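The values are calculated or read from the model by the stated rules, or taken from the named source; none is laboratory data. Because the structure is a prediction, the values reported are computed rather than measured. Please note: Cβ atoms are built from the backbone with ideal geometry, for glycine as well, and neighbour counts cover all protein chains shown. With ligands, DNA and RNA removed, areas are computed over all heavy atoms of the protein, side chains included. Shrake-Rupley method; radii C 1.70, N 1.55, O 1.52, S 1.80 Å.
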Amino acid sequence: MILSAEKKSLLWQNYFGVTIRNDQLSIALAGNPNVGKSTIFNALTGLHQHTGNWPGKTVNNAHGSYQYQKKPFLIVDLPGTYSLLAHTVEEQIARDFLCFANPDVTVVVLDATSLERNLNLALQVFEITPNVIVCLNLMDEAKKKNLVIDVPSLERELGVPVVATAARQGKGLEELREKILQVATGLLQPTPRQIKYSSDVESALKELLPLVENITNNSLSPRWIALRLLDGDQSFLESLSNFLDIDQVSFQDWEESKCAQ
């Protein structure tokens, strides 16, 4: 989604309870629980933090600011989630923010000792936005377990910058700041790997995509929306209706008519 600074500021305030200045570059910080996400957030923002609740929810909302290379940044620490399929309130918040808030950069924090489990979330984020950085945290713990990760190869496979960090020791954070700056300003343009589904799913997506592009005017990722429609994700339809002012009933009628065919 491409939003003007004014519309983005209004959206963040009204729907997410976060005040962002027009000159600030925005960062979403996502990751599974217990991957050191809050440690990274604290290291980047220091004392420049605000906490509260997400509007209408009892889930903690933490956001903070920092400056790097004379550029102002606002970073939002999303609730820890294992996926974006909205089985929990935390997953719904993270999904809606990544899908509708239009952050300039999304940093997905992974546990270096448990890559297989953590990569699931990263691959889902790749389907929503290309402006992603993978932060491979807890490298100190991986070293203790004699785990060796080929970071350059992982970066090539994923198609996005991968930064190895040990946030508790402050290691890798300067490189992370630099990569955030490069992606946020367009100096670095990631091309994230996309999941290829079964032939049946891909065929259904091919049929749905032109219709989805019509409805959203390319303001969101058509493929992501088509996948959620195939899932029959009711909570996403409700969010889509709220944010894009699209009548939910028309979506449901359209989906039912396609299924009938």
Hey, got the dipole for the chain? About the Cα centre, +1 on K and R Cβ, -1 on D and E Cβ, debye to the nearest 20? 1000
Give the percent of DSSP beta bridges with both residues in region 5-195 that are antiparallel, rounded to the nearest 5. 40
At what distance in angstrom do the alpha carbon centres of region 128-180 and region 56-107 lie from each other? 19
What does the accessible area per residue of the chain come to in Å², with a 1.4 Å probe and no ligands, DNA or RNA counted? 49
Carbon and sulfur atoms account, in whole percent of the 1.4 Å probe accessible area of the chain, for 49
Fully extended, how many nm does the chain gain between Ser199 and Arg117 (0.36 nm per residue separation, minus their Cα-Cα distance)? 27.1 nm
Given (i) 0.97; (ii) 0.99; (iii) 1.07, the label whose value is Rg/Rh (Cα atoms, Kirkwood Rh) derived from this model: (i)
With DSSP loop assignment and no more than 11 other C-beta atoms within 10 Å, the trypsin sites (Lys or Arg not before Pro) in region 162-213 are Lys196
